[in-house]
Amino acid sequence: MAAKRKPKTLGKHIDKDIELCRTTNPVVSNELMHMFIAYEIPFTQNWQRVPFLKREEYKGAREVCVIRTHRTQYSRARKILDHMETSTRSRIMLHAV
């Protein structure tokens with residue numbers, strides 16, 4: 001019986017996305033989504049459950065939105081975040097690279 005070959009898309013070139021920021025606010029999450037679309041920056045948005053013992057870090061929130069972007073677009077996305085209004089920016093937890 002012949003062994004199955006892995007598709008060429010699998011391997012070391014997968015998952016070139018890096019975490020950009022996190023937020024617990026759905027309104028801010030939608031605002032970020034629209035802004036990234038407007039500036040044509042690729043991103044993924046994933047809501048994750050916050051474990052009970054870590055909720056203090058997220059001010060009691062049960063879910064957190066993790067926003068990731070392609071590593072080649074990180075600096076562009078970060079510049080956009082740096083120029084946001086301070087009220088919106090204060091609701092974002094930036095991820096240090």
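Values as computed for the structure displayed
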item: Relative packing of peptides 17-23, 40-46 - highest average C-beta neighbours within 10 Å first; result: 17-23, 40-46
item: Accessible surface of region 44-97 [probe 1.4 Å, protein heavy atoms]: carbon and sulfur percent; result: 50
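The values are calculated or read from the model by the stated rules, or taken from the named source; none is laboratory data. All figures in this text were calculated on a predicted structure; none of them were measured in a lab. We place every Cβ from the backbone using ideal geometry, glycine too, and count neighbours over all the protein chains shown. Surface areas here come from the heavy atoms of the whole protein model, side chains and all, with no ligands, DNA or RNA. Shrake-Rupley method; radii C 1.70, N 1.55, O 1.52, S 1.80 Å.
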